[in-house]
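First the structure, in the form of structure tokens, and then the observations on it.
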Amino acid sequence: MKNIEMIKEIQQKLGIEVDGLAGPQTWSAIYTHILKKELPVFPTDQVDAKSEKVIATLQSEVQVYARALIHKAKEVGIDIRVISGLRTYAEQDKLYAQGRTENIKGGIVTNAKGGHSNHNFGIAFDIGVFEGIVYLDESPKYKAVGALGMQLGLEWGGNWHTIVDQPHFQLRPVWAKNLSEEQMLADLRERKEKNQAIYT
């Protein structure tokens, strides 16, 4: 049995939303079922000021996960900060141009044009690993944080095949769980144009 199918079966038996993601709601329900007592509230207190400024640009549903990931990483001795959140289509197009028509020596950083990135809808964020005030562009700690993010129910860019993006995390809406990335992004663009809620 695949992990997602197993998680869905557990969620169904526990009477919670069935989305196949082992997020805070699922872990809380499992904890309560096994120990017959409520799970302690997961720390989602505000974090450092720079991260909070970026977190404020995200959908409210995602903000909780971003803070939880920072706290979770801190528990295992890893200092991370949220360094990128919501982007406009124009900002995304500028990133897309890097390595293609601009800053060619720096290499390609994204395959997503404006409107084709989860960042354009406030459902994705990027983290940076720090040691003191020093930002680490590369570190095995990114993989450790990736595992923590997946435990929370986030999708991790480190699992991608075209461009591996270890700092990237995103929260797929439940309505999009059976959609391809392309289909989901098309629906997200439509929702944005109609000023509709992303997660309902």
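Are there any pairs with C-beta distances below 7 angstrom linking a residue in the stretch 48-61 that is closer than 17 Å to Ile80 by Cα to a residue that is polar (S, T, N, Q) and in a helix (DSSP H, G or I), with the two at least 6 apart or on different chains, and if so which?
Ile55/Gln63
Can you find even one residue in the stretch 131-141 that is of a type in the set (Val, Ile, Thr) and either surrounded by 12 or more Cβ atoms within 10 Å (Cβ to Cβ) or modelled with pLDDT of 90 or more (or both)?
Yes, because at least one residue in the stretch 131-141 is of a type in the set (Val, Ile, Thr) and either surrounded by 12 or more Cβ atoms within 10 Å (Cβ to Cβ) or modelled with pLDDT of 90 or more (or both).
Just give me the residues in the stretch 77-100 being in a strand (DSSP E or B) and within 17 Å of His168 (Cα to Cα), in sequence order.
Listed by number, the residues that qualify are Asp79, Ile80, Arg81, Val82, Ile83, Ser84.
Considering only residues that are hydroxyl-bearing (Ser, Thr, Tyr) and at pLDDT 90 or above, look in the stretch 83-109 and name the one that is surrounded by the most Cβ atoms within 10 Å (Cβ to Cβ).
Tyr96
Mind checking which residues of the stretch 109-147 are under 22 Å from Lys53 (Cβ atoms), under 14 Å from the mean Cα position of the chain (by Cα) and of a type in the set (A, V, I, L, M, F, W, C)?
Correct list: Phe121, Ile123, Ala124, Phe125, Ile127, Val145.
The values are calculated or read from the model by the stated rules, or taken from the named source; none is laboratory data. What you see is a predicted model, and the numbers here were worked out from it, not measured in a lab. Note: ideal-geometry Cβ built from the backbone for every residue, glycine included; neighbour counts use all protein chains shown.
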